[in-house]
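Notes to accompany the following structure.
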Amino acid sequence: MNLLQFIRILLKNIVILFVVPIIMSILVFYLTRNESKLYTSETIIYTGIASGYNIESKGGDKVDFFATNNAFDNLINMIKSRETLEKDSISLLAQNLMLDKPVSKYISYNSYNELQQLVPQNIKQVVDKTSFEKTYNNLLKIKNSNEQNFVYELINYNHPHYSFNAISKINVRRIQSSDLLQISYKTDDPGICMQTLILVTKCFSENYRMLKEVQTDDVIHYFEEQVARTSNNLKQSEDELLNFNKDNKIINYYEQTKYIAAKKEDLDVNILEIQMNYASAVNTLKELEKKLTDKDKIFLKSEEIIQKRNKLAAINSRISLTEIYNEDNNKENENLKKLKQEADLLQKHLQDDVSQLYLYGHSREGIPLQELLSQWLTYSIKKEENKSSLDVLFKRKNEFGAIYSQFAPLGATMKRIERKIGVTENEYLELLHSLTLAKLKQQNVQLSSTLKVVDPPFFPLKPQASKRKILVVVAGLMGFIIVLITLVLREYFDSSIKTADRMFDKTNIPLAGIFPFINIKDKNIDNNYLSNRMIELISQNIKKNLDKNYKKDIQNSFIVLIFSTKNKDGKTYIGKLITDKFREFGENAYFLNYCQSSDKSYNQNLHQDDACYIIDNEFFKINSFEHLLLTNNISLNKYYKYIFIEIPSIINNLYPADLVKDASLSLLITRSNRAWSKADTYALDVYKEISNNKIESVLNGVDLEQLESIIGEIPKKRSFLRKQIKKLLLFKKNL
């Protein structure tokens, strides 16, 4: 479809294109005659969600856009929640019922009177005009009592002021990327419009604050219980450790065990050293005694010397024992000094007794006896000292073994108690930290959950501009667009043959020509010229086809069968026009039509070279043109070069195959305004096979615009404006 065709469709349907939009505009104008005036009010609330400062704020904190958008979505959904809007509805109803007379700030005169007439007496009786809270609670109690009371029905039906559906039309949006929320509402009463916004803001602010506080209160209560439990467990564990230390007389277990281990190591080293000294002294004494004479040995083993030596050994043992058990004291005590003095004195007496042997002179080997006795005394004293020290040290070592046996199991038990204390203490500290954070969050919520009204709702004085004019215009435009789309779609999905190109695509038969649809009422078109010109072209193409395919000196007549696949395609009309045109060409042409009965009255209006044959049950048996004439008692008075025979539609009737086969040419007549079906295709294919494809077609009833592709510009009267528009659409300089 090109632009010119589109314009032609519009012009052809110009009446409906304008009538339908006008009707729709009038209908909308009538339906909106009682349109209510709407008043709009709005309020702006600061939330502080995105950029507000709070206890948890830190310098340089990045904004979490996802969390911010989520918080705003939660807040908006809370505002538009059913609970909030129902509370607002009941609050608005309670507020208006408490009025003794209409106050424009709260409700208009008409709305007040309608409310008073609507509310039953039992509802008015629960109104306490001195207390809004009592009135609200009474109405809420009635609403929750069942589903068949006045308040419940008022909220859940379609009342324009108090129903949930009406108040849910409240509009909530975030102003760009700020912390501000804009809430707007429109209704037909300015007072109710403003009060609805005031009550909605109050209701959802309280709900928002309570929801935030309840969340933190539950968390704090949980952590307080857990902190108390872990604190009690920690105290019990610490008391268990304290009692354990008291029972086992432990001051500092780890320092004590460390000290004992170190002293035991020193003791072992000391024992080893003294054992070595003792063994050395014993061996040395044995060697010295070998060098003494028997008399010297007897003297050294005298009772007095032995007693003094044993006494000296006992004193040295006491000195060693005193030094071991008083090792933490840096100064020697008085007892230790006396023991050492006594040991020195006793050692001096032994030295004097031994010195008496100096008088004997020399030993067996000739060694001076004084030197030998001096060594013997020295090592004898060392032997006794070391022996005494070993006795004391071995006793001390046994004491260390007993201490180890006592401290070994105490360490494991203490470790278990300390580990228990550590786990409990960590749990306590973690819970205490969580409790601190929860309390911090609670304080933050208390500070940030208070929403601030920046711009309170205002009382609207002027109603909104009516959209009635716009609706009327839109209705007209929609009507025009709907009709236009319908026409375009109808044209696009039109399955009729319509054009010569479609005719050829569907039949695959060469086109002899097209014949236009003649509109007698259109006086601007020369219909006689158009019909005559198109019949001339059709006749010319038929004659050219016959002259081309047959010898010119042929003596037999050219038989042209005129047929159609269905009835009422214009075969008779087109056939007569073609026959008449051939006669105008100076040719002898004969037209043979068919009729359904033997009534010969039809032949009275025929041309002298025209005739009519009868269709009966034996018609399909006709095998030639002569047989057809003979069967109908028709005789030709002269020779006819062109004989046009019309046969009935090939889908609805039987036709003589031999006659079709012997015909010089078959002419298919088809209306342009009908659809081509599979039955048409099947019937035509059979006909093609019989006629050996000696067929041409004529498309009948074509729109005049289709003729321009054949004869050029259609002669008709056009205004100057129309000529210029067409020239512009066709991109022509001259028309």
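The values are calculated or read from the model by the stated rules, or taken from the named source; none is laboratory data. These figures come from a predicted structure and were not determined experimentally. When we count neighbours, we look across all protein chains shown, and the Cβ atoms used for this are built from the backbone with ideal geometry, even at glycine. The accessibility values were calculated without ligands, DNA or RNA, using every heavy atom of the protein model including side chains. Shrake-Rupley method; radii C 1.70, N 1.55, O 1.52, S 1.80 Å.
Annotations
- Leading residue by the ranking (nearest to I538 (Cα to Cα)) among those in region 630-672 that are open to solvent by less than 60 Å² (accessible area, probe 1.4 Å) and under 60 Å from the mean Cα position of the chain (by Cα): T670
- Any hit, region 171-184, residues being farther than 22 Å from L451 by Cα and in contact with a Ser or Thr (Cβ under 7 Å, 6 or more places away or on another chain): no
- Residue within region 485-506 that is among the aromatic types (F, W, Y) and in a helix (DSSP H, G or I) present: yes
- Identity of the residue in region 460-471, more than 37 Å from the chain's Cα centre (by Cα) and surrounded by 13 or more Cβ atoms within 10 Å (Cβ to Cβ), that ends up nearest to Y185 (Cα to Cα): P460
- Test: residue in region 683-696 that is closer than 25 Å to G586 by Cα, modelled with pLDDT of 90 or more and surrounded by 17 or more Cβ atoms within 10 Å (Cβ to Cβ): yes
- Region 20-74, subset at pLDDT 75 or above and of a type in the set (G, A, S), residue surrounded by the most Cβ atoms within 10 Å (Cβ to Cβ): S41
- Only residues that are open to solvent by 70 Å² or more (accessible area, probe 1.4 Å) and within 38 Å of the chain's Cα centre (by Cα) were counted in region 475-488, giving 5.
- Meets criteria (open to solvent by 20 Å² or more (accessible area, probe 1.4 Å), part of a loop (DSSP other than H, G, I, E, B), over 23 Å from N673 (Cβ atoms) and not hydroxyl-bearing (S, T, Y)) for Q540: no
- Any hit, region 239-258, residues being closer than 30 Å to D88 by Cβ, of a type outside the set (F, W, Y) and at pLDDT below 85: no
- Matching option when the condition is open to solvent by 80 Å² or more (accessible area, probe 1.4 Å), modelled with pLDDT under 90 and either out of contact with any Gly (no Cβ under 9 Å at 6 or more places or on another chain) or among the aliphatic types (A, V, I, L, M) (or both), among F493, F517: F493
- Qualifying position, being modelled with pLDDT of 90 or more and among the basic types (K, R), among K212, K129, K202, K134: K134
- Residue within region 123-140 that is open to solvent by 30 Å² or more (accessible area, probe 1.4 Å), of a type in the set (D, E, K, R) and closer than 23 Å to Y208 by Cβ present: yes
- Annotation: V151 fulfils all but one of (1) in a helix (DSSP H, G or I); (2) open to solvent by 40 Å² or more (accessible area, probe 1.4 Å); (3) of a type outside the set (G, A, S); the unmet one is (2).
- The listed residue being touching a residue at least 12 places away in the same chain (Cβ under 8 Å) and open to solvent by 80 Å² or more (accessible area, probe 1.4 Å), out of K87, K105: K105
- Long-range neighbours under 9 Å by Cβ, at least six apart or interchain, first residue at positive phi within region 674-699, second open to solvent by 10 Å² or more (accessible area, probe 1.4 Å) and not aliphatic (A, V, I, L, M): N692/K661
- Failed condition for C193, given (1) in contact with a Ser or Thr (Cβ under 9 Å, 6 or more places away or on another chain); (2) open to solvent by 20 Å² or more (accessible area, probe 1.4 Å); (3) of a type in the set (A, V, I, L, M, F, W, C): (2)
- Residue in region 450-459 that is modelled with pLDDT under 90 and buried (at least 18 other Cβ atoms within 10 Å of the Cβ) present: yes
- Filter pass, L242 being among the hydrophobic types (A, V, I, L, M, F, W, C) and open to solvent by 70 Å² or more (accessible area, probe 1.4 Å): yes
- Between L85, L97, the distinction of being over 24 Å from N171 (Cβ atoms) and modelled with pLDDT of 85 or more belongs to L97 only.
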